[in-house]
1. Assuming 0.36 nm per residue, please report the length gained on full extension of the stretch Glu91 to Tyr120 beyond their Cα-Cα distance.
2. Over the range 61-144, what portion of Cα pair distances is larger than 20 Å, expressed as a whole percent?
3. Which of the aspartates and glutamates could a cross-linker bridge to Lys39, judged by Cα under 15 Å and excluding same-chain residues fewer than eight apart?
4. If you stretched the chain out fully between Ala127 and Ile107, how much longer would it get, using 0.36 nm times the residue separation minus the C-alpha to C-alpha distance?
5. How high is the FRET efficiency from Ala40 to Lys140, r the C-beta distance, R0 35 Å, rounded to 0.05?
Amino acid sequence: MTRPSRRSASLNRLPFTKASVGYINCNFSMALGVVTALKARLLAVGFIKNNPRVKAVLDHPAGPFTIHFWAPSFKWGISLANIADFNRPAELISVPQQLAVTATGIIWSRYSFVITPVNYNLFSVNAFMAVTGSYQLWRKFTATPNSMSVASSS
């Protein structure tokens, strides 16, 4: 008699089986059903049903009931943090960090028009990231060396 391996024994304790939607947890698929039901209820409200512009925004493939809306919306926090850093002394600006912010902004701004659906929210946040990152780099490289040495010596 062969003993089952530890790996196969641990797979038997998982809350899903191989036959259940390719290893997708039942709770996850149920959550998707809740979002779909919430969207249907909201679109059935009289004001929204009678207003084609509001309905178009809510029913858009990159609308607020999808990750295509929420991921860029939370990404605005990076840009807002970058704006808050405008008051920091130029010698404290991290060049690698601002290069990453700028490059991310440029690359994903382009990508937001290539993907389907075209995501203007993604474009706007990344264009803003590219601008704020470029401005921070400009501040770093145009700061006078005297002001940097005075600040570092104190």
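1. Result: 7.0 nm gained on full extension.
2. 35 percent
3. Asp59
4. Taking 0.36 nm per residue and subtracting the Cα distance, the gain is 6.3 nm.
5. The formula returns an efficiency of 0.10 here.
We did not get these values from a lab; they are worked out from the coordinates using the rules stated. Note that the coordinates shown come from a computational prediction; the quantities given were computed from them, not determined experimentally. Please note: Cβ atoms are built from the backbone with ideal geometry, for glycine as well, and neighbour counts cover all protein chains shown.
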